[in-house]
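Read the figures in this text as sums done on the coordinates, not as results from a lab. All figures in this text were calculated on a predicted structure; none of them were measured in a lab. Cβ: placed from backbone, ideal geometry, glycine included. Neighbour counts: every protein chain shown.
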Amino acid sequence: MAAPGADDVTYNPFDIAVRADPYPYYAMLREHAPAYHVAEQDIWCISRYDDVAAAVTDTRRFSSADGIAVERISGLAAAGLTGAEVITGTMISMDPPDHTRLRRLVQREFTRGRIAQWEQRIQQICDELVDDLLGTHWNGGEVDIARDLATPLPVLVILDMLDIPASDRDQFKEWTDQLIYLIGGGIDPMLQLGAVGAALELAGYFEKLVPQRRDNPGDDLVSLFASTGTGGEQLSHIEVIGQCVLFLIGGNETTTNLIGNSVQALMLHPDVQETLAADPSRIPAAIEEVLRWDAPVQGLFRTTTTDVDVGGVTIPADARVQLLYGSANRDASHFPDPDTFDINRDARDHFAFGGGPHYCIGGPLARLEARIAIQTLLSRVRNIRPAGEEVLNLNMLVRGRRSLPVTFEFRPPND
Ligand code: HEM
């Protein structure tokens, strides 16, 4: 019998079985079809580490300008989604040099040093959430890490950073709950339409808030986005709004997934829980390994501007190509024994935050929130284990737990 080749590979990223456990499929793609055409949806997938690394830096041939989700921005506009450019016309959907200008203006507020200033506040928010979930457990209720910690933490943090008034926060919570359906594929179109509506309402909210913050600036992110840079450059009004919306879309579900995926990895590796509890300075390395091993964002799209040769296959011009970050992170040519979760490896050059000029701006914040969440949990409880079936998020771009019921024992003081 002939060895399997590219023709024997079948892969459909929208398939529920694939979403449930994509990693064996990625291994097959890397080995036999590193540039794979999904005929049903006419999209391409690039799965090897080196090919993904080349594509993220080659913005000339792999453009972000038609969006990084499955749907093309041009398609959304053609479908009559007026205002869609507010959501989609942000730096994540731009190529240099426009991207470079916007990124420079926003980056100044998102350095590791500036983010570190939020540590105390994040710890306070996290302590309150963990106190509540321990109370639930104490009273015999079900604790769901996704619902009780991983979902609310990033939302509460970003609302604080944007300084959204308390009276508007419930409305924000409703909008952000819907935003998770904005991008993706294989999602109920009604949910997606609701998400577009929520994003537009959100943009309308910032439309009113931005001029107020320009007139009366504080040290919140909206004021900082609206302010003038050292070179006298400013984001335009629409860019400030887009930036605020992008932070809510880009930062919430992703960080939720990172925290949930971290707890899931710890439940599958109980010995690591005790290692980290005994030496919390190892938590950042463990989080890097979660980012590599079970990436919260599995892959984003580009559009080819010309024919491109990848792994001996020609991807035609104007093709939609998914860069499979989750697969690159499991490529044995870069990470030995890639399917093993190992907090001792140096996992930092994973693609969980992308790479090249679009490398995630929120990385320092996401890492800080995840570190605080895991450290706080492990300082209070031990032997975290499943208490029911997890529910996965089946969006083809991301990977995370929508529900993660757990149980544990309280950690005795001075343990
Ligand atoms: C674990 C959490 C997160 C993950 C896994 C993640 C993942 C990513 C990835 C893969 C990209 C690259 C986009 C591309 O290749 O086209 C990206 C870009 C971006 N992320 Fe994140 N992200 C996370 C958290 C955040 C947070 C907390 C924020 C902000 C509050 C944020 C804001 C952004 C922005 C603005 C970009 C666009 C950067 C650019 O186009 O230059 N992200 N993120």
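So, R0 is 25 Å and r is the distance between the beta-carbons of residue 191 and residue 212; what FRET efficiency does that work out to, to 0.05?
Details: r = 32 Å, r/R0 = 1.28.
About 0.20, to the nearest 0.05.
So, counting K/R as plus one and D/E as minus one, what does the shell of residues with Cβ under 11 Å around residue 66 add up to? Write out the running numbers ahead of the final one.
On the way: positive: 72, 302, 320; negative: 71, 95, 318.
For residues surrounding residue 66, the net value is 0.
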Need the full-extension length gain, residue 236 to residue 128, defined as separation in residues times 0.36 nm minus the C-alpha distance. One decimal, nm.
35.1 nm
Dipole axis of the chain (+1 Lys, Arg; -1 Asp, Glu on Cβ), positive-most option in 372, 74, 199:
372
Using the Karplus curve 6.51 cos²θ - 1.76 cosθ + 1.60 with θ = phi - 60°, what ³J(HN,Hα) values do you get for each residue of region 205-215, in whole Hz, with x for Gly and Pro?
4, 5, 3, 7, 6, 4, x, 4, 6, 5, 6
Local electrostatic count, residue 104, Cβ distance below 12 Å [Lys/Arg +1, Asp/Glu -1]
0
The Cα radius of gyration of the chain, divided by 2.2 N^0.38 Å with N its residue count, comes to 0.98
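If the only charges are +1 at each Lys and Arg Cβ and -1 at each Asp and Glu Cβ, what is the size of the charge dipole of region 174-271 around the Cα centre, to the nearest 20 debye? Please list the in-between numbers first.
Details: 3 positive and 12 negative charges, 30 e Å.
Rounded to the nearest 20 debye, it is 140 debye.
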Local net charge near residue 410, Cβ-Cβ under 9 Å (Lys/Arg +1, Asp/Glu -1)
+2
How much of the DSSP beta bridge set in the chain is antiparallel, as a percent to the nearest 5?
85
Here P(r) for region 189-317, Cα-Cα distances in 10 Å bins, as whole percents, is 10, 23, 21, 29, 16, 1
The farthest towards the positive end of the charge dipole of the chain, of the residues 301, 383, 245, given +1 on Cβ of Lys and Arg and -1 on Cβ of Asp and Glu, is 245
Cα centroid distance between region 300-328 and region 253-299, in Å?
30
Mind putting a number on the dipole of the chain about its Cα centre? Charges go on the C-beta only, +1 for Lys and Arg and -1 for Asp and Glu, and I need it in Debye to the nearest 20.
740
What residues qualify as long-range amide H neighbours of residue 381, i.e. H under 5 Å apart, gap of 5 or more or another chain, H built at 1.01 Å from N?
411
For region 270-341, what ratio Rg/Rh do Cα atoms give with a Kirkwood hydrodynamic radius?
1.18
Leading residue at positive end of dipole, region 247-343 (Cβ point charges), from 283, 268, 310
310
Name the long-range amide H neighbours of residue 143: under 5 Å, sequence gap of 5 or more, or other chain; modelled H, no Pro or chain starts.
406
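For region 81-234, what is the charge dipole size about the Cα centre, in debye to the nearest 20, if Lys and Arg each add +1 at the Cβ and Asp and Glu each add -1 at the Cβ?
On the way: 13 positive and 25 negative charges, 148 e Å.
Using only the charged Cβ atoms, the result is roughly 700 debye.
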For region 267-274, Karplus couplings with θ = phi - 60° (6.51, -1.76, 1.60), whole Hz, Gly/Pro x
6, 6, 10, x, 4, 5, 4, 6
